[in-house]
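Participant: Just passing along the structure, written as structure tokens.
The values are calculated or read from the model by the stated rules, or taken from the named source; none is laboratory data. Remember, it's a predicted structure, so these values are computed and weren't measured experimentally. When we count neighbours, we look across all protein chains shown, and the Cβ atoms used for this are built from the backbone with ideal geometry, even at glycine.
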Amino acid sequence: MNVVVLHPWRAIYWEPVSGTGERVTVGAVYRYGDTWAARRILRDDVLTCLYGKAANGARRLIDHGLSLFLAAANAAQSLENLSVPLGGLYPGPARATEALTESELLRIVALQYSSVANLDKLDDLDEFDQPINEEAARRFATDVREHVLAERADLSKYFHRTAPLVMSGEPVRFGYASTRLIAHFNILNPMRHGASLRDARARLFELNRGRDLAQLSRAALITGVPRDDDPLLGDRQRARLREMREELTHEATAVDVAFAPVHAASEGARTLLQLEAA
């Protein structure tokens, strides 16, 4: 059974004209994994329109308020009692959301609470995170396996097998390796463009070498990808996703590896069963 991890957060509001009750979402305080954080998501141009040359002062005020919320969250290790204004900012209700990345969590906050958030600014947050969300990749691989075994329990022995890439070399673990097919499972995250491509290319190399050494007829990279109409993706992410899919299709074709982007684990399972039966 997969464990759903919920990340707690509160949207943070600012009342530009005190006492009016008219508030704008300026950021969020949240915990992602084991780390508490606070980020401003309000677009800079909004502050510039409101305050002109004084916009920098407004930014400093907002950032100071967010730092106070972060300090309070760190001290309490909770957001439950963080319900009073700090530094001129006001906390929204406590929420908890499942998200694969920190930037996805912030995007959810922005989509739910703010029409003036800088969504593109969130794209690059994960470039400084760990290379790939390994938990998400493992969950995708596990879900594919469960769907396959629901139809073909006899294939259980072929999952998570190892094979060398060179004669007498150290064995490498593959997602699936039978007498006919060798396969890897991974995910593409358009918000981790470089890391996703590096991971996929490494797997293509392993599949090509592993297939040739084991003298198998087929190798496949079964990849979980977001849908093009995913509301959490902006135009920039959609463009990145198309670029990654096109590039990996060309690179996989060059080494005769099947590249199979799928939107759900059930699709990945069907693809694997079709390749196994071909």
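Participant: Mind listing whichever residues of the stretch 235-278 are assigned to a loop (DSSP other than H, G, I, E, B) and charged (D, E, K, R)?
Facilitator: Once the filter is applied, which keeps residues that are assigned to a loop (DSSP other than H, G, I, E, B) and charged (D, E, K, R), the stretch 235-278 yields only Asp256.
Participant: Next question, about the same structure. On the given criteria, is Ile187 closer than 24 Å to Glu146 by Cβ, among the β-branched types (Val, Ile, Thr) and under 16 Å from the mean Cα position of the chain (by Cα)?
Facilitator: Here the answer is yes, as Ile187 does meet what is asked.
Participant: Also, I was wondering about something else. Inspect all residues belonging to the stretch 84-98 and state whether any of them is modelled with pLDDT of 85 or more, among the hydrophobic types (A, V, I, L, M, F, W, C) and not in a strand (DSSP E or B).
Facilitator: Residues of the stretch 84-98 modelled with pLDDT of 85 or more: 84-98.
Narrowing the set further to residues that are among the hydrophobic types (A, V, I, L, M, F, W, C) leaves 84, 86, 89, 94, 96.
Subsequent filtering for residues that are not in a strand (DSSP E or B) retains 84, 94.
Yes, some residue in the stretch 84-98 is modelled with pLDDT of 85 or more, among the hydrophobic types (A, V, I, L, M, F, W, C) and not in a strand (DSSP E or B).
Participant: Just name the residue that is modelled with the highest pLDDT out of those in the stretch 218-246 that are over 22 Å from Ala141 (Cα atoms) and small (Gly, Ala, Ser).
Facilitator: Ala239
Participant: Here is a further query. I'd like to check something: does the stretch 197-206 contain any residue that is at positive phi and either in contact with a strand residue (DSSP E or B) (Cβ under 9 Å, 6 or more places away or on another chain) or without any contact (Cβ under 8 Å) to a residue 60 or more places away in the chain (or both)? Don't jump to the end; show me each part of the working.
Facilitator: Let us first name the residues in the stretch 197-206 that are at positive phi, namely none.
Scanning the stretch 197-206, I find no residue that is at positive phi and either in contact with a strand residue (DSSP E or B) (Cβ under 9 Å, 6 or more places away or on another chain) or without any contact (Cβ under 8 Å) to a residue 60 or more places away in the chain (or both), so the answer is no.
Participant: State all residues of the stretch 183-207 that are part of a helix (DSSP H, G or I), of a type outside the set (A, V, I, L, M, F, W, C) and either touching a helix residue (DSSP H, G or I) at 6+ places or on another chain (Cβ under 6 Å) or closer than 19 Å to Tyr158 by Cβ (or both); if no residue qualifies, say none.
Facilitator: Pro190, Arg192, His193, Arg203, Glu206, listed by residue number.
Participant: Quick one: would you say Ala239 is within 21 Å of the chain's Cα centre (by Cα), surrounded by fewer than 21 Cβ atoms within 10 Å (Cβ to Cβ) and among the hydrophobic types (A, V, I, L, M, F, W, C)?
Facilitator: yes
Participant: So, one more: Say whether the condition of being outside any helix (DSSP H, G or I), out of contact with any helix residue (DSSP H, G or I) (no Cβ under 8 Å at 6 or more places or on another chain) and under 18 Å from Val109 (Cβ atoms) is met by at least one residue in the stretch 45-59. Steps first, please.
Facilitator: Residues of the stretch 45-59 outside any helix (DSSP H, G or I): none.
Within the stretch 45-59, not a single residue is outside any helix (DSSP H, G or I), out of contact with any helix residue (DSSP H, G or I) (no Cβ under 8 Å at 6 or more places or on another chain) and under 18 Å from Val109 (Cβ atoms).
Participant: Among the residues in the stretch 133-143, are any of a type in the set (Asp, Glu) and modelled with pLDDT under 85?
Facilitator: Restricting attention to the stretch 133-143, the residues satisfying the condition of being of a type in the set (Asp, Glu) are 134-135, 143.
Next, only the ones that are modelled with pLDDT under 85 stay: 134-135.
Looking for residues that are of a type in the set (Asp, Glu) and modelled with pLDDT under 85, one finds at least one in the stretch 133-143, hence yes.
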